[in-house]
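Colleague: One structure, pasted below without further comment.
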Amino acid sequence: MMKNLLLIFFSICLVSALNAQIFQDDFEDYTAGDLLAASSDDWETWSGGSADDVAVVDTRANSGTNSLHFVGSGAGGPADIILPFGGKRTAGQFTISMAMYVEPGNSAYLNFQGEVNPGVTWTMNANFTALGAFQIDDVSFIQIRSSYPIGEWFDFEIDVNLSNNIWDFKINGECVGSYAATDNFLASLDLFPLGDSNFYVDDIFTKYSIIPGPAPMFDAGLAGLGFGTAALSGGQSNVSAFVVNNGTEDITSFDISYTDGTAMESQSFTDVSIAPGENMEVIMDVPYTFSEDKSTGQVRLSNVNGMMNDDLACNDVLNSFFTVITPRPGKRILVEEGTGTWCGWCPRGDVFMRAMAEKYPDHFAPVAVHNGDIMTVPEHDVSIGLTGYPGARVMRNATAIDPSAIEEPILAGLTVEPYATMETGAQFNEDTREMDVSVTVIFPTGSFFGYNLGVIVTEDEVRGTGAAYAQRNFYAGGANGIMGGYETLADPVPAEEMVYEFVSRALLGGYNGVSVQDFDIPEGGDKTFYFSYTVPEEYNVDHINLVPVLIAPVGVVDNADYTTLDDAIARGFIASSTQDPVISENTEVYPNPFSNSTNVELNLDKPAEVQIQVLDAMGKVVASKNYGTQSGKMVFPFDGSSLANGIYYMNIYVDNKFTTKKISILH
């Protein structure tokens, strides 16, 4: 009997050993300076060559003396190291752990490749930001956002039950989140340093078994971001999450609590019904108030169906890392998003641009720059210089990013003091559809030498008919994840169901704006600049927006403004001036338009000093004359024969008051 028991025991051990595949590398078998893939049968490079290999170093290590050191350059690389997992894994249990060290002020990145040949499917991306945020996405959307220790070694572990699609993530042994993956398979690890990466990796361990962990019978889990990813100081938001039923029994009640280490709230949810495989969004009644001294929080699920514990503990906790900032007064962030009706992934850009416009209405200036479709503005499309769609440039920085990643640079930009702020006014002639825009720039330093100014005209709620306005949609049917409702729409989305927002329509002053002279302005003074545009008949003036951009000498945008045309008209043309309505009513310029000369008729009821000043469309003074003290009805001739054809603005000053008249010269 004992022999039989021993035989059974050793048989189980043998089966387990055969079913489990283990790999580990602490890099102690290499000499510092060795290229890893060239020295190992276990590691490969993305390219298959040596250009993206990485050298073993002895400058820092978690154990022993050796480790791998990754430093990013430009858009990423040059290192790009692959650790194959022995084939594409679609079932069973897979575990990977490693020690990581991220240099302060830098970041780290790694991903899972889903196919044996890299570059086909990214099933998981892990970002460790310079701010201390740890973020996991499965390409479709962010799944986990927590924190990690900066400037010290930490253990990073991923435990994946592929058979039941349960992905658990741990930092230093503590679960930071769990989710069900959109693409529930994996084939290799890719270590690739992005532009600001500077990190070390040591003590890598992987284990794969065809026998998965047990399927949960009774399990409720949390999914989502809890507190969100970012907020403005003093703002409030209701903590929310999704409760997912991973078991085989209905979920009928549970408790949700949150804490940031100081504040704590708890709420019970009863009389609910979540069937196996289903989920339910829960929103707590008591809002959370964000402050700059808090950046982490935790949401916890408990008392499920009145029970103390369920089968899986990791997914009962949702850790959050959020960025909280106080915007600088008058600062607004320009985001130009490249899109096109032909682009099936571009609905992602639309979803995130709308989300930011809703979340930061007073600090966001959205512009959708179309490519290759009926809404394209060629100058804007070419000048923005995107090579991938959807793509986005924040404040015209050189590096284009995915629209799903625009929130952090928006918040970072809001903390930077603007060189100047702007106020936008306008007037609109309904008969001619001529729109005049005044942008008053307030310069605290009194100088803006080398800066350019332009205005982007956009239109909201753009609708059209026919195939030209149909939007390709790779999210149709939900195969590529949830994307703001696009998963419920067809591919392509019919024109009658599409509404396009933030559509770029015109660049007043061009993409680079018009050079602004260094006027002598006292500190804290202002200067008003003028732009004109005839709105085409097919554009809806009720949905027109104005986006002034102040461009620094290096080409990036220093600050932006954003206003609807209606609000700009209500604010008034030359919004910050002291135009006098009485003077305006008693002043006439005729003929207008004119070829070489015109007359300025002014009716003064008492003696006053009169001065006439003519400015071009950028506010540069091109003519000026002081007529001294005048009274009564006067006619002053103006000779414009030396000026080029175009739109000008004539300021007529009467003592310390004035009015502005728009004039057109047509030789």
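The values are calculated or read from the model by the stated rules, or taken from the named source; none is laboratory data. Here the structure is a predicted model, which means the values were calculated and not measured. Here the Cβ is made from the backbone with ideal geometry for all residues, glycine too, and neighbour counts use every protein chain on show.
Colleague: For residues in segment 174-193 being outside any strand (DSSP E or B) and either among the hydroxyl-bearing types (Ser, Thr, Tyr) or out of contact with any Lys or Arg (no Cβ under 9 Å at 6 or more places or on another chain) (or both), which is surrounded by the most Cβ atoms within 10 Å (Cβ to Cβ)? Steps first, answer last, please.
Modeller: Residues of segment 174-193 outside any strand (DSSP E or B): 180-185, 192-193.
Okay, now just the ones that are also either among the hydroxyl-bearing types (Ser, Thr, Tyr) or out of contact with any Lys or Arg (no Cβ under 9 Å at 6 or more places or on another chain) (or both), so 180-184, 192-193.
Values: Ala180: 18, Ala181: 22, Thr182: 19, Asp183: 17, Asn184: 20, Phe192: 19, Pro193: 25.
Once the filter is applied, the top-ranked residue is Pro193.
Colleague: Restricting to segment 631-667, what's the tally of residues that are more than 45 Å from the chain's Cα centre (by Cα), of a type in the set (S, T, N, Q) and surrounded by 15 or more Cβ atoms within 10 Å (Cβ to Cβ)?
Modeller: Counting residues in segment 631-667 that are more than 45 Å from the chain's Cα centre (by Cα), of a type in the set (S, T, N, Q) and surrounded by 15 or more Cβ atoms within 10 Å (Cβ to Cβ) gives 0.
Colleague: Specify the residue that is surrounded by the fewest Cβ atoms within 10 Å (Cβ to Cβ); the eligible residues are those in segment 421-456 that are in contact with a Pro (Cβ under 7 Å, 6 or more places away or on another chain) and outside any strand (DSSP E or B).
Modeller: Gly450
Colleague: Can you spot a residue in segment 165-173 that is closer than 25 Å to Tyr475 by Cα, in a strand (DSSP E or B), in contact with a helix residue (DSSP H, G or I) (Cβ under 8 Å, 6 or more places away or on another chain) and in the same structural domain as Ile81 (by TED's automatic domain parsing)?
Modeller: yes
Colleague: Still on this structure: Which one of these is in contact (Cβ under 8 Å) with a residue 40 or more places away in the chain and either under 30 Å from Gly454 (Cα atoms) or outside the structural domain of Thr528 (by TED's automatic domain parsing) (or both): Lys606, Lys620, Lys633, Lys625?
Modeller: Residue meeting the stated conditions: Lys620.
Colleague: Mind checking whether some residue in segment 276-289 is aliphatic (A, V, I, L, M) and closer than 26 Å to Leu186 by Cβ? Steps first, answer last, please.
Modeller: If we filter segment 276-289 for residues that are aliphatic (A, V, I, L, M), which is where we start, we get 280, 282-284, 286.
Now drop any that are not closer than 26 Å to Leu186 by Cβ, which leaves none.
No, that holds for no residue.
Colleague: Next up: Do we have Asp155 as within 23 Å of Ala99 (Cβ to Cβ), out of contact with any Phe, Trp or Tyr (no Cβ under 7 Å at 6 or more places or on another chain) and not assigned by TED's automatic domain parsing to the domain that holds Met280 here?
Modeller: Here the answer is yes, as Asp155 does meet what is asked.
Colleague: Restricting segment 608-630 to residues that are under 45 Å from the mean Cα position of the chain (by Cα) and of a type outside the set (D, E, K, R), which is nearest to Ile583 (Cα to Cα)?
Modeller: Just the residues of segment 608-630 that are under 45 Å from the mean Cα position of the chain (by Cα), to begin with: 613-622.
Applying the additional criterion that residues be of a type outside the set (D, E, K, R) yields 613-615, 617-619, 621-622.
Values: Gln613: 15, Val614: 17, Leu615: 19, Ala617: 22, Met618: 24, Gly619: 21, Val621: 21, Val622: 22 Å.
Taking the candidates together, the pick is Gln613.
Colleague: Can you tell me which residue is farthest from Val299 (Cα to Cα) among those in segment 261-283 that are touching a residue at least 12 places away in the same chain (Cβ under 8 Å) and of a type in the set (S, T, N, Q)?
Modeller: Per the criteria, the residue is Ser273.
Colleague: So, one more: Taking into account only those residues within segment 134-164 that are charged (D, E, K, R) and assigned to a loop (DSSP other than H, G, I, E, B), which is surrounded by the fewest Cβ atoms within 10 Å (Cβ to Cβ)?
Modeller: Filtering segment 134-164 for residues charged (D, E, K, R) gives 137-138, 145, 152, 155, 157, 159.
Filter again for assigned to a loop (DSSP other than H, G, I, E, B), leaving 138, 152.
Values: Asp138: 21, Glu152: 11.
Ranking the qualifying residues of segment 134-164, first place goes to Glu152.
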